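In what follows, a single structure is set out as structure tokens and then discussed.
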Amino acid sequence: MKVKKSSGAAAAAAAARTEEELGRKALIGPDDVLGLQRVTSDYLCTPEENVYKIDFTRFKIRDMESGTVLFEITKPAASEREHSEKKDIDPNAGRFVRYQFTPAFLRLRQVGATVEFTVGDKPINNFRMIERHYFRDQLLKSFDFEFGFCIPSSKNTCEHIYEFPQLSEDLIREMILHPYETQSDSFYFVDNKLVMHNKADYSYSGGP
């Protein structure tokens, strides 16, 4: 299992971009999304653009200091998903996650996110994820991870280490009082071309 830390150096150098500008582009690359100043309102690519058949099957979040597992989810078997997806009319099903954490999550310094994923029959070069977190229109942190090369028809496991920024007490209070106004975009690239886009929102009030 690979363990990788985020690199945020590229974010500062990217020129500002709007979602409308990117929507007119035939090919969206890493520098494009690094220039976004707010969370997107829609997806920047379709599920069909995932021609590599990348499928995230397991996800776990743990506090690196204590080792406590904070969140864990495993997808059903492929045969079960195929049966349920036939009844699902939403083409974006599975691309959005809603997280519910306690206020203590906002004071963590370092979190490990373990992902397990499978790939189809094509080799994957330069697999990269850029994940940008916002509270309202304020960018909290941009994370940048390299998965590297994935061989065809393989199952892969990788742990990404998230170094959280220190938030002010006023901002923490606002994020707790306004659940789901903290949002993120996760952009996945192969050879610098956007192939997947997932979204999430977050509550830190300790309840639904």
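The values are calculated or read from the model by the stated rules, or taken from the named source; none is laboratory data. Owing to the predicted nature of the structure, the values given are computational and were not obtained by experimental measurement. When we count neighbours, we look across all protein chains shown, and the Cβ atoms used for this are built from the backbone with ideal geometry, even at glycine. These area figures cover heavy atoms from the full protein model, side chains too; ligands, DNA and RNA do not enter into them. Shrake-Rupley method; radii C 1.70, N 1.55, O 1.52, S 1.80 Å.
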With N residues in the range 93-180, what two-decimal value do you get for its Cα radius of gyration over 2.2 N^0.38 Å? 1.34
Quick check: at a probe of 1.4 Å, how many percent of the accessible area of the chain sits on carbon and sulfur atoms? 51
In debye to the nearest 20, the charge dipole size for the chain, taken about the Cα centre with +1 at each Lys and Arg Cβ and -1 at each Asp and Glu Cβ, equals 400
Roughly speaking, what is the centre-to-centre gap between the range 184-207 and the range 13-53 when only Cα atoms are used, to the nearest Å? 12
Computed helical MRE - 222 nm, the chain, DSSP H runs ≥ 4 contributing -39500 (n - 2.57), nearest 500: -3000 deg cm²/dmol
Could you tell me what percent of the DSSP beta bridges with both partners in the chain are antiparallel, to the nearest 5? 85
P(r) of the chain in 5 Å steps, Cα pairs, percent per bin? 1, 7, 14, 19, 20, 18, 13, 6, 2, 0
Choose one of His160, Phe96, Tyr188: the residue whose Cα lies farthest towards the positive end of the charge dipole of the chain (beta-carbon charges +1 Lys, Arg; -1 Asp, Glu; about the Cα centre). His160
So if I place +1 on the C-beta of Lys and Arg and -1 on the C-beta of Asp and Glu, and nothing else carries charge, what would the dipole magnitude of the range 118-166 be about its Cα centre? I want it in debye, nearest 20. 120
Rounded to the nearest whole Å², what accessible area per residue is found for the chain with the 1.4 Å probe? 54
